[in-house]
Structures are given as structure tokens and as C-alpha cells.
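Single-structure report; data block below.
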Amino acid sequence: MSTLFASLGAVIHSFSSPRSPHRVPVFEANSDPALLAFESEVSSRLEQLRSTDGTGYLSIEWLCQAMEMVLSTHAYAEVFVPNLQHDATNSDRKWTNSFLDNSVKLLDTCVILKEAVAEIKSYCGHLKVALRALEKEPTGEVQLKRCMKALNKCMDALKRRDDAVNYLGHRRTKLENCSSMLRRMGERLNMEDASNGNSCSAIYTAQIITIFVYGLLSSALSLKPRRSLSSISVDGHSSWCFSLINLQQSVKEQIERKKRRGSNAVLEELDMADIAVRKFHDLIQEISHGKSSSEKGIQVLKVTEGSKALQALFMDLQQGIPALESHLENTYRNLLRSRMAFLDMELGS
């Protein structure tokens, strides 16, 4: 039951749509000490994320911290679980049906997010081959050719994803389809009354936080995203509402800076690796067209230095992926367990 809130996260995605004429229900000021402590904790965690250096937004470490916040928010909300069955029983039956439908779609979303991480792992595989080609010294023409071939595969891995979107015209990537699906889920529910007791207020908070983090993941794992990060419109008296607004604005500004710079990736480590790969590719290509052996000798030294810098970026990316995978897997398991817990609650009512 402690993971019940995890499955409810995406049902309010429509609150992030600026075109929606509906507003998030405004909760009356609550004097319940437990609820006030819960909201204060959420605000504190949001402020901690915002206090990160702006260049750290959308790094693997930061995203993992954001997902940890989601899990801790759900765990903190556990105190309200005993009241959940009573509140749900007195609410519209559509609330139950919507939850069961949304939980399946959220499980599908987690699968797609994990597939996106698998694509980054494939990129890392090509980059590893490129770096290994330069391990043997002295660096000769054969090693440079092998490295160049692997670097081409790295760049093609990002380019193919972008070309596929352009070639298919109006069709969208799986991550974009996920965002649209979540938005439609919210549109069907944004007219429902979410203020049926403190347990529903806690669920509402957990939903907002989950949607925000899921949106971050969808943007971070996208390549050349064509859409800006959706802003979740919240309206309430809780301090965490303002913390969330300020945080999402800061993150959105960083994504826009990346887009203006022409970045191929939003994920910080992948973006930095991609920039270094393209520069390294140009250097090797320049060496292959060198006019004299002395000139090539100087440039080979540059290759050695460049490969060390690229190796460091590769390690940052490669070492961060397992943590990202682990958090996504935990999310998936929580979604599955929470669905089963909710079904058990229904059978027992």
C-alpha cells in the first residue's frame, strides 16, 4: 500500500497544458499537522533541487535526486493511506476506474523510458569502441580509421533518431507519444473534484510531483526535442506550489538555452559527450588530410590529449546510466505493486 501513490502520478498531466481552460482544484488552508508537515517536506525537497547549480539541471545525478524525491514524497504520504479507502469509497466511482486505466498506461510509459536509456547505452558502446581503438601506441593510421568508424556510428545514432522524425513528418517519437497520452489522461480527469479529504490532498501533491519528474525524464531522454518542457500550472496555498513553479522555470530556461545552442541531446552528460565526439571526429579527419609527417605528428599528440578528455566524459555517462536504470526500474516496480495494492483494496471493500 505504501506505493499506491506512485501509480497516480500521471493522471493530472493536463494541468501542465497551458491551453486547458480548467484549473487545479484549490485546497482550503488545512490545519492538520500531518498534512502541513508533508507539504513542508515537499517544498523543502523542491528547493533543494532548485539550489543546484544551474548547469547541473538535467544531469544524471540531478535526475536521480528528482526521482528519489518522488519516492520519498510517496513514502511520506503513507500516513494518509488508512483514510484512502474511506475517501475513495465516498468519491465518484469514475475515480477508481480512471486510476486502474491510468496505471496500465504508466507502466507502458516506464517501459518506453527504459528503452530510451537503452539507446544511450548503445551510444556508449560505440564510444567505447572508438576509445579502445586508440589505446595501443603509437597511434597509427589503422587505429585512427577504426576510431573514425566508431565515432561515425556515435553521431549516426543521434542523427538517425532525428532523421526518422523528419522523414515521418507528423509522426512523433515514442517519448512524444507518451507526453500526449499523459496529457489526454489528465484531460479526462481535470474536471473531477480532488478535494475529498486529506488523503486526496496528499495524492494530489504526489501526482503533481510525479508528473513534473516524468516530464523531466521525457525531455532529458529525448534527442533534439521539438517541444519545450511543459509547465505544470498549480494554484493553491501550499508553499510547495511556489517552489515547484520556480524550479520548473529554471529547468525550462536551461532546456531553451540548449535548444538555441543546437544541442543534439538534453541530458547533460550525453550533450557534453556528443560535443566532444564531433570535435574529436573533426580532428581525426583533419589528420587524415595532413600534408606532411611532421604535421601529422603534432596532431597525433592532440589526438592523445583529446582522447583523454573524451574518456573522462565517457566515464561520466557510462557510470551514470546504471543509477538511472535502477531508479526507473524501481519506479516500474512501484507502479506494478501499487496497482495490485489498489486492486486488493477494491476486492476487500
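Just to verify a result, which residue in the range 294-340, among those that are touching a Lys or Arg at 6+ places or on another chain (Cβ under 8 Å) and among the aliphatic types (A, V, I, L, M), is surrounded by the fewest Cβ atoms within 10 Å (Cβ to Cβ)?
My answer is Ile321.
Of the residues that make up the range 95-111, is at least one within 30 Å of His327 (Cα to Cα), at pLDDT below 90, surrounded by 14 or more Cβ atoms within 10 Å (Cβ to Cβ) and over 26 Å from the mean Cα position of the chain (by Cα)?
yes
Report, ordered by the first and then the second residue, all pairs with beta carbons closer than 6 Å, sequence separation of six or more or different chains, a first member in the range 120-139 that is under 24 Å from Ile298 (Cα atoms), and a second member that is modelled with pLDDT of 95 or more and exposed (fewer than 14 other Cβ atoms within 10 Å of the Cβ).
Nothing qualifies.
For the range 100-153, enumerate the residues that are small (Gly, Ala, Ser) and assigned to a helix (DSSP H, G or I).
Ser103, Ala116, Ala118, Ser122, Gly125, Ala130, Ala150
I'd like to check something: does the range 61-71 contain any residue that is modelled with pLDDT under 85, over 30 Å from Lys258 (Cβ atoms), part of a helix (DSSP H, G or I) and touching a helix residue (DSSP H, G or I) at 6+ places or on another chain (Cβ under 7 Å)?
No, every residue in the range 61-71 fails to be modelled with pLDDT under 85, over 30 Å from Lys258 (Cβ atoms), part of a helix (DSSP H, G or I) and touching a helix residue (DSSP H, G or I) at 6+ places or on another chain (Cβ under 7 Å).
May I ask you to verify whether Ser307 is at pLDDT 85 or above and not in a helix (DSSP H, G or I)?
No, not satisfied.
Out of Leu127, Leu134, report the one residue that is surrounded by 13 or more Cβ atoms within 10 Å (Cβ to Cβ) and at pLDDT below 90.
Leu134
The values are calculated or read from the model by the stated rules, or taken from the named source; none is laboratory data. None of these values were measured; they are calculated from a predicted model. Here Cβ is always computed from backbone atoms with ideal geometry, including for glycine, and neighbour counts include all displayed protein chains.
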